[in-house]
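Trainee: Sharing a structure here in structure tokens format.
The values are calculated or read from the model by the stated rules, or taken from the named source; none is laboratory data. Source: prediction; values computed, not measured. So basically every Cβ, Gly included, is an ideal-geometry build from the backbone, and we count neighbours across all protein chains shown. For the accessible areas, the whole protein counts, side chains as well, though only heavy atoms, and no ligand, DNA or RNA atoms are used. Shrake-Rupley method; radii C 1.70, N 1.55, O 1.52, S 1.80 Å.
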Amino acid sequence: MRLVILDNYDLASEWAAKYICNRIIQYKPSPSRYFTLGLPTGSTPLGCYKKLIEYHKRGDLSFKYVKTFNMDEYVGLPRSHPESYHSYMWNNFFKHIDIDPNNAHILDGNAADLKAECDAFEKKIEEAGGIDLFVGGIGPDGHIAFNEPGSSLVSRTRLKTLAMDTILANAKYFDGDLAKVPTMALTVGVGTVMDAREVMILITGAHKAFALYKAIEEGVNHMWTVSAFQQHPHTIFVCDEDATLELRVKTVKYFKGLMHVHNKLVDPLYSMKEQN
């Protein structure tokens with residue numbers, strides 16, 4: 001497990017974007033060999049998406065041969081609703097890059113048969129050859145995707161009832177009106193994300209500090225589902241200084257002492273121009 005600590009949100013977002021960029025370019029995607037990327041929503045990845053768009057616009061990165069699978073979607077919210085995760089992904093990322101819309105997979109929270117929709121999503125991931133890099137964020141209670149506290153750590157894509165803490169946290173996107181916040185969602189399972197060849201989890205802000213502490217300094221616990229990734233062979237936690245406030249001093253010092261190694265993963269930043 002790697003813990004990458006940057007000074008602030010912007011630097012953490014840039015490090016994560018550089019890592020994604022380098023992994024895609026090193027993979028050398030082609031019409032017969034797509035890179036498969038798992039993606040999150042929420043406020044945390046926005047800075048990362050902005051940097052990826054920047055790399056694309058200057059010609060360093062293409063998503064032409066990339067397939068994406070999003071972590072989750074609300075149930076019952078129209079796809080066109082500004083707070084649906086379809087709208088979020090297209091407005092904040094997909095419409096600014098060259099991805100084929102057929103390769104951007106997002107769960108349908110309005111499907112007639114929600115279980116069949118979840119099963120089909122797992123099948124699509126399998127048919128794509130599995131996920132090369134799954135990027136995720138977490139909630140203050142340590143949930144990844146919508147795998148709320150108490151979720152099975154071997155769970156697959158399914159329908160989930162949202163915890164009240166999650167509903168309260170999401171109310172800011174719905175004019176602060178709890179009655180407007182969806183109470184159910186479709187989500188990939190912890191096991192679905194664990195199957196990815198690599199996992200990168202973005203954690204920023206002091207309000208996520210206790211969750212980061214639970215994720216890396218205590219044992220695996222289904223009440224803090226992000227802690228499961230201690231057991232993944234290739235996990236990178238990318239955080240800012242504020243998110244480390246609950247960690248032991250020696251933990252922070254240890255991982256900061258490895259930053260010269262971690263930075264070699266993103267420096268130099270590769271460019272697809274060099275491959276052409």
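Trainee: How many residues, within the range 121-148, are open to solvent by less than 40 Å² (accessible area, probe 1.4 Å) and part of a helix (DSSP H, G or I)? Don't jump to the end; show me each part of the working.
Mentor: Applying the first criterion (open to solvent by less than 40 Å² (accessible area, probe 1.4 Å)) to the range 121-148 yields 121-122, 125, 128, 130-139, 141-148.
Narrowing the set further to residues that are part of a helix (DSSP H, G or I) leaves 121-122, 125.
Summing the residues that are open to solvent by less than 40 Å² (accessible area, probe 1.4 Å) and part of a helix (DSSP H, G or I) in the range 121-148 gives 3.
Trainee: Going residue by residue through the range 238-254, is there one that turns out to be among the small types (Gly, Ala, Ser) and either within 22 Å of residue 122 (Cα to Cα) or buried (at least 20 other Cβ atoms within 10 Å of the Cβ) (or both)?
Mentor: yes
Trainee: What strands (runs of 3 or more DSSP E), lying completely within the range 33-106, carry at least 1 residues that are open to solvent by less than 50 Å² (accessible area, probe 1.4 Å), out of contact with any helix residue (DSSP H, G or I) (no Cβ under 6 Å at 6 or more places or on another chain) and among the aliphatic types (A, V, I, L, M)?
Mentor: Those strands (runs of 3 or more DSSP E) span 35-39, 66-70.
Trainee: Same structure again: Counting just the residues of the range 155-175 that are surrounded by fewer than 18 Cβ atoms within 10 Å (Cβ to Cβ) and under 22 Å from residue 119 (Cα atoms), which one comes out nearest to the chain's Cα centre (by Cα)?
Mentor: Out of the qualifying residues, it is 156.
Trainee: Taking the range 35-88 on its own, how many of its residues are touching a strand residue (DSSP E or B) at 6+ places or on another chain (Cβ under 8 Å) and over 19 Å from residue 199 (Cβ atoms)? Working first, answer last.
Mentor: Going through the range 35-88, the residues touching a strand residue (DSSP E or B) at 6+ places or on another chain (Cβ under 8 Å) turn out to be 35-42, 44-45, 48, 65-76, 83-86.
From what's left, over 19 Å from residue 199 (Cβ atoms): 65, 73-76, 83-86.
Within the range 35-88, residues that are touching a strand residue (DSSP E or B) at 6+ places or on another chain (Cβ under 8 Å) and over 19 Å from residue 199 (Cβ atoms) number 9.
Trainee: Looking at 204, 235, 225, can you tell me which residue is farther than 20 Å from residue 6 by Cα and either in contact with a His (Cβ under 7 Å, 6 or more places away or on another chain) or β-branched (Val, Ile, Thr) (or both)?
Mentor: Criteria check complete, one pass: 225.
Trainee: Across the range 231-276, what is the total count of residues that are assigned to a loop (DSSP other than H, G, I, E, B) and within 30 Å of residue 62 (Cα to Cα)?
Mentor: 10
Trainee: For the range 117-144, how many residues are touching a Gly at 6+ places or on another chain (Cβ under 9 Å) and free of Cβ contacts under 8 Å to residues at least 24 places away in the same chain?
Mentor: Here the count works out to 0.
Trainee: Go through (1) open to solvent by less than 10 Å² (accessible area, probe 1.4 Å); (2) without any contact (Cβ under 8 Å) to a residue 12 or more places away in the chain for residue 178 and report which single condition fails.
Mentor: Looking at each condition in turn, residue 178 falls short on (1).
Trainee: Just the residues that are within 23 Å of residue 237 (Cα to Cα) and among the β-branched types (Val, Ile, Thr), please, taken from the range 130-169.
Mentor: The answer is 131, 135, 138, 144, 154, 157, 166.
Trainee: Also, quick follow-up: Between residues in the range 72-99 that are over 20 Å from residue 136 (Cα atoms) and residues that are assigned to a helix (DSSP H, G or I) and small (Gly, Ala, Ser), which pairs lie under 7 Å by C-beta distance while being six or more apart or on different chains?
Mentor: 80/87; 81/87
Trainee: Shifting gears a bit: Please go through the range 14-32 and give me each residue that is in contact with a strand residue (DSSP E or B) (Cβ under 8 Å, 6 or more places away or on another chain) and either open to solvent by less than 40 Å² (accessible area, probe 1.4 Å) or part of a loop (DSSP other than H, G, I, E, B) (or both), ordered by number.
Mentor: Scanning the range 14-32 gives 15, 16, 19, 20, 24, 29.
Trainee: Let me ask something else. Answer with yes or no whether residue 112 is open to solvent by 40 Å² or more (accessible area, probe 1.4 Å) and either assigned to a helix (DSSP H, G or I) or among the polar types (S, T, N, Q) (or both).
Mentor: no
Trainee: Looking at 61, 77 in this structure, which one is within 16 Å of residue 185 (Cα to Cα) and at pLDDT 95 or above?
Mentor: On the way: 61 fails: within 16 Å of residue 185 (Cα to Cα).
On inspection, the qualifying residue turns out to be 77.
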